[in-house]
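Heads up: the structure comes next, in structure tokens.
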Amino acid sequence: MQRTRSNRLTGLAYVAPALVFVLVFTVYPLGRMVWMSLHNWSLIAEPRFIGLDNFRQAFSDRQFWTSFLFTLKYTALITPVLIIGGYLLALLTAPVSRVRAFTRTVIFVPVVIGLGVSSLLWYWLFSTDFGVINRILLDLGLIDQPVLWLGVDAGTSNFAISTSVVWKVIGFGMILFVGAIQAVPAEITEASLVDGAGYWQRIGRVVLPLTMRTVLLVTLVSVIGSLLAFDQFYIMTAGQPQNETATSVFFVYLNSFPYLKLGYGAALSLILAVTILAFTIVQLVLTRRSES
Amino acid sequence: MRIRQRVALLTVAVLLGAAGCSQEAEAPESTAVAATTGCASSGELTMWERSGGNKDMVDMLVAAWNAKNPDCKVALTYIPHTEMVGKIAQGIASGQVPDLMGMDLIYAPQFEKAGQLVDLTDRLTGWPELTTASKGHMTVATFEDRLYGVPLYADVSALFYNKDLFTKAGLDPAKPPTSLPELRAYADKITALGGDVKGYYLPGNCAGCNIFTVGPLMWASGAKIEAAGPGDEPLVGDGVKQVLQFERDMVKAGNVHDGDRTENGETFHLQFGSGKVGMMGTGNFNITLARQQNPSMQFGITLLPGMTPNSSASFIGGDLVVVPKGSKRVNDAVNFMKFLLSDDVQVEVYAKALNLTTRADMVDNKYFKEEPLVQDVAKALTVGRTPYTLTFFEQINSPQGPWLKMLQRAYYTDDNLDTVIADAKKEMSDIAAKS
């Protein structure tokens, strides 16, 4: 009995640093956020308890729904591009050779650039007056007038921003896929080759099922990243036109800081966190099913 | 029991002693002393200021103070413009505040109402410099008849016009437009030059640029824009609809570049210097920029007009110097304010570097006399105003706010203007009602 208790204390001592870390940096901030969401909490005035009013306000706030639905739409549009595009690039660059390794590096380089920096870069590339993209299209005779890429039409803005994001992050999925594809045992693919399977049959029947865990992981990361999209929209369109390209996090940011409504911002953040949690659970269930 | 009583008594004594000590420590700073332009006590003063286009000028002001006061130099920290409000709020909440700070004047009423700035009324009362200090700054530095700061620098809006294009279009470069109908007629002629030239510039995706340059057109036409607080009606007066119609007609007539629709403020300051715009509402900061960008371009400056001839207005923006609650050096912060408003600094620092003086009576100085453009733009100080509201960002400055929504619907759609104004009015009133 004495020994068991001692073992438990020893075990607790081992996990204590991690436990303290999680309590301080995850549990406490989360609890604090929940507490804030129940208050009229300005950044510069005394907080006042208002119960669930912030949540009621959020659900009846038209801009909240506009931002939320736009975020879901953006996520639904960009995720397949990142997954399929990343996987195809991985298939192209996975075989071991110098040229392919160099290509992998080139595609991966934008991943290490900050999203804010890359958004600013693309903002200037897409600029109507100063941007090189319109210049090239005009010089090639593909357009007669400069295209108003950002902030005028929601569809065009979304396309332009998605292009910049794909350039920025597609390399991340590709690298993970390359690792997964290279981990597929050679004897399995060779066996399918002996059985007369063509290239796409090998990919579809052998490689893809064996790399499905990675596909689901990249999907999960991509979905979470897209639901939390902020920098690119803040910098490139600021939510325009008519707030049709304003994301949920952008709305959270505006309320929390410039509007000084920290309590309302906390409530919005919690709603977003629950949404992300729901997506994560679905993804994890799918992952387990694919494993079984 | 006796021990408990002793402990209790000891605790009370310690607390009383601590309270007494803290009162003694506060006493020197809470007493209003006659302000000077020098140090009240020695040791470094900490100051926060937002980063931005006026950094060079603030650096010069601080350098001038530091040269005069080596025993109490100001240590300046720049905070990114977009993080300033959050940073100040965090500082106040944690008690980690600087001794003084520059604050975007538009946010001052919010902080004054929340009791987060030191009331300087008793310390500043009777200063002759304040009678001529920028009206817009002094308006927002005041809350319920108490004064919380003085101007740090001023940005005013005015109409810049390209004299070269005026001449080419057969217009007299010495006679800029004095009313909006005249401005429209001039713009038509300049646009008719063809090529890549347009008569006018309209920032289509920038709330702040529009309140700075289109807001004054409404004020000059007798309108009111923002709701000051709960129950106050926004967007009052025929001038609102007249100006929206004017801008819509300008867009439809092709007097603005298509690309202007995407302007979110990033390239606003580069547009006039491109030489492709006949007339544009912009700020005094554009004088130097346009010259650097296009040295051969001849241009002039006039006040932003309204619907009737010779009506004019301007937006007075910029920063205030304020003292956050918790500052340990209030007397020195006040001395720094006295220094900023002194005749010598107004002329030898502000004016010498061709920045606007923050006192109207200092405009008539030797440096401005040599630079007519600065003299022209300085006239804006006399007709300018600064909106006063506790929810400026939500109502006006936000990219998601009703002001920009209203403007974009007016500029780029055929929606009924009465409906457009009514929608914006309701949204602004709702925001103000919660302030």
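Table for the structure above
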quantity: Solvent-accessible area buried by A and B, counting both chains, probe 1.4 angstrom, square angstrom; calculated: 2700 Å²
quantity: Cα-based convex hull volume of the range A:1-126 per residue, rounded to whole Å³; calculated: 301 Å³
quantity: Value of Rg to Rh for chain A (Rh from inverse mean 1/r over Cα pairs, i.e. Kirkwood); calculated: 1.06
quantity: DSSP H segments from chain A that extend 30 Å or more along their own axis, Cα-based, with Kyte-Doolittle mean of -0.5 or above; calculated: A:62-93, A:154-182, A:262-291
quantity: Chain B: C-alpha gyration tensor shape, a/c 1.5 cut-off, then a/b vs b/c; calculated: prolate
quantity: Cα→Cβ-extended label distance, 7 Å offset, between A:Ala183 and B:Ala422, nm; calculated: 6.3 nm
quantity: Difference of contour (0.36 nm per residue) and Cα-Cα distance, B:Asp145 to B:Glu182; calculated: 9.2 nm
quantity: Surface accessible to a 1.4 Å probe, per residue, for the residues of the range B:370-435, Å²; calculated: 37 Å²
quantity: Complex-versus-alone comparison for the range B:401-417, residues with a loss of 30 Å² or more in accessible area, probe 1.4 Å; calculated: B:Lys405, B:Gln408
quantity: Chain B: DSSP helices with Cα axial extent of at least 27 Å and average Kyte-Doolittle hydropathy no lower than 0.0; calculated: B:2-30
quantity: Mean-position separation - Cα centroids, the range A:1-44 and the range A:90-104, in angstrom; calculated: 45 Å
quantity: Highest-first arrangement of A:30-39, B:297-306, A:99-108, where packing means the average Cβ count within 10 Å; calculated: B:297-306, A:30-39, A:99-108
quantity: Chain A - accessible surface per residue (Å², probe 1.4 Å); calculated: 55 Å²
quantity: Span from the the range A:240-271 Cα centroid across to the the range B:209-247 one, whole angstrom; calculated: 26 Å
quantity: Segments A:275-282, B:114-121 sorted - mean Cβ within 10 Å per residue, highest first; calculated: B:114-121, A:275-282
quantity: Accessible area per residue, Å², the range B:203-314 with all protein chains present, probe 1.4 Å; calculated: 32 Å²
quantity: Solvent-accessible area, 1.4 Å probe, carbon plus sulfur percent, for chain B; calculated: 53 percent
quantity: Isotropically averaged projected area of the range A:64-213, using the convex hull of Cα atoms (one quarter of hull area), nm²; calculated: 12.2 nm²
quantity: 24 Å Cα-Cα threshold exceeded, pairs from B:Lys252/B:Lys276; A:Lys261/B:Lys328; B:Lys163/B:Lys405; B:Lys163/B:Lys189; B:Lys198/B:Lys369; B:Lys252/B:Lys379; calculated: A:Lys261/B:Lys328; B:Lys163/B:Lys405; B:Lys198/B:Lys369; B:Lys252/B:Lys379
quantity: Inverse of mean 1/r across different Cα pairs in the protein assembly as shown, Kirkwood, Å; calculated: 29.3 Å
quantity: Virtual paramagnetic centre 7 Å along Cα→Cβ of A:Val166, amide N under 18 Å, in the range A:226-240; calculated: A:226-227, A:232-233
quantity: Net +/- balance of residues flanking A:Phe64 in space, Cβ distance below 13 Å, scoring K and R +1, D and E -1; calculated: +2
quantity: A:Phe55 paired with A:Leu210, simple spin-label distance in nm, labels 7 Å along Cα-to-beta-carbon; calculated: 4.8 nm
quantity: Estimated FRET transfer efficiency when R0 is 35 angstrom, pair B:Glu348-B:Asp122 (beta carbons, to 0.05); calculated: 0.75
quantity: Residues listed by number, the range A:147-163, amide nitrogen under 13 Å from A:Lys73 label point at 7 Å toward C-beta; calculated: A:153-159
quantity: By average C-beta atoms within 10 angstrom, highest first, the peptides B:175-184, B:134-143; calculated: B:134-143, B:175-184
quantity: Convex hull of the range B:240-321 built on C-alpha atoms - directionally averaged projected area, nm²; calculated: 7.3 nm²
quantity: Cβ-derived FRET efficiency at R0 25 Å, A:Ala197 paired with A:Val109, nearest 0.05; calculated: 0.10
quantity: Within the range A:112-143: backbone nitrogen closer than 19 Å to the B:Leu270 label point (7 Å, Cα to C-beta); calculated: A:116-139
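The values are calculated or read from the model by the stated rules, or taken from the named source; none is laboratory data. None of the values given here were measured: they were computed from a predicted structure. FYI the Cβ positions are ideal-geometry reconstructions off the backbone, even for glycines, and counts take in every protein chain you see. Note: accessible area is taken over every heavy atom of the protein model, side chains too, but ligands, DNA and RNA are not part of it. Shrake-Rupley method; radii C 1.70, N 1.55, O 1.52, S 1.80 Å.
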